[in-house]
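Before any comments, here is the structure.
A short reminder: the numbers here are calculations on the coordinates, not readings from a lab. Keep in mind that this is a model prediction, so the values were computed, not measured. Backbone-built Cβ (ideal geometry, glycine too); neighbour counts: all protein chains shown.
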Amino acid sequence: MPGGKLWTQQDRFGNEIYLTAERWAHIVDPDNHPELEPYFDLIRETIQRGWRRQDTFDPRSREYYCPFTDLPLDYTHIVVAVRFRRVAGPDRIEREEKFVKTAYFQTR
């Protein structure tokens, strides 16, 4: 199912965050971060147990980050950017939606 949810993970604050097939394809696209493909499960773990900070450039987004010891090269963390937005459902009730925008390695 193209674009469908691959998983939903609750963060430490009780937020349900999901990753879609479309966003995963974007992340591992050769022009973006294909090196993350073997680390699919660690992206979910970053949401589950990582720290969170406000995105510097987008007030509607948060960055989750978590250290791992088995990353390639000298990378020490995985960072997952999550968009928080309000959407109206078919019942016209507004809900907050949270989804993974992108992910990448980082050295700290």
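Going from the residue with the fewest nearby Cβ atoms within 10 Å to the one with the most, Lys5, Lys98 rank Lys5, Lys98.
Treating only the Cβ of Lys, Arg, Asp and Glu as charged (+1, +1, -1, -1), what charge dipole size does the chain show about its Cα centre? Round to the nearest 20 debye. Provide the component values of the computation, followed by the final result.
Values: 17 positive and 18 negative charges, 116 e Å.
Dipole about the Cα centre, nearest 20: 560 debye.
Using a 7 Å offset from Cα along Cα-Cβ at Ala25, what residues in the stretch 65-108 end up with backbone N under 18 Å from the label point? Once the point is set 7 Å along Cα→Cβ of Ala25, 100-103 turn out to lie under 18 Å by backbone N, inside the stretch 65-108. Using every pair of separate Cα atoms, the Kirkwood estimate puts the hydrodynamic radius of the stretch 24-108 at 13.8 angstrom.
Annotation: extensible slack from Asn32 through Tyr104 equals 25.0 nm (criterion: 0.36 nm per residue apart, minus Cα-Cα distance). Mind pulling the angle between the C-alpha long axis of helix 40-49 and the longest principal axis of the chain? Nearest 10 degrees, somewhere in 0 to 90. For helix 40-49, the angle is close to 70 degrees.
For the chain, what is the percent of antiparallel DSSP beta bridges, rounded to the nearest 5?
Values: 28 of 29 bridges.
Counting only bridges with both partners in the chain, antiparallel ones make up about 95 percent.
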